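The values are calculated or read from the model by the stated rules, or taken from the named source; none is laboratory data. As the structure is a computational prediction, the values presented were derived from the model and not from experiment. Reconstructed Cβ throughout: ideal geometry from the backbone, glycine too, with neighbour counts over all protein chains shown.
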Amino acid sequence: MGRPGLLGTMARTAVVAGTATAVSGSVRQHAAQKQAAEQPPAPVPQDTPAEPAAQAPATPAPGMSSTDKIAAIKGLGDLKDQGLLTEQEFAAEKAKILAG
C-alpha cells in the first residue's frame, strides 16, 4: 500500500486542522467562562433610586399650563407602556397632574 495519495493527505490535514480549531475554541471559551466567574459582580450604587424616570412626572408644578399637563400625561403614558407604571399608578399620577 505505501504512502497515502494527495487526497488522503488533504483529508488527514483537514481532520487534524478541524480538531485543533475545535479544541482551541473550547479551551478559549472555557478560559473566558472561568475568568468571568472569578470577577466580582459590579457594585450597585445604593444612593440611586430604582426608577428615577417613574418619579419625575409625579410632582407637577403648581399652575401648570394645559400644554405642560398634556406633556406630563404623555410622559406617564410612555412609562406605563414601558411597564414602569401600573394602570393604577398611571391613573393616580394623572389625577394629580389634572388637579394641579
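Mind listing whichever residues of the range 63-100 are part of a loop (DSSP other than H, G, I, E, B) and more than 27 Å from the chain's Cα centre (by Cα)? Residues satisfying the conditions are G63, M64, S65, G100.
The rows are residues; the columns are (1) at pLDDT 65 or above; (2) surrounded by 10 or more Cβ atoms within 10 Å (Cβ to Cβ); (3) of a type in the set (G, A, S); (4) more than 21 Å from A91 (Cα to Cα).
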residue	(1), (2), (3), (4)
D47	no, no, no, yes
E51	no, yes, no, no
A56	no, yes, yes, no
M64	yes, yes, no, no
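Within the range 70-92, residues that are hydrophobic (A, V, I, L, M, F, W, C) reach partners that are not in a helix (DSSP H, G or I) with beta carbons closer than 7 Å, at six or more positions or on different chains, in the pairs A72/P60; L76/L85; L79/L85; L84/E51.
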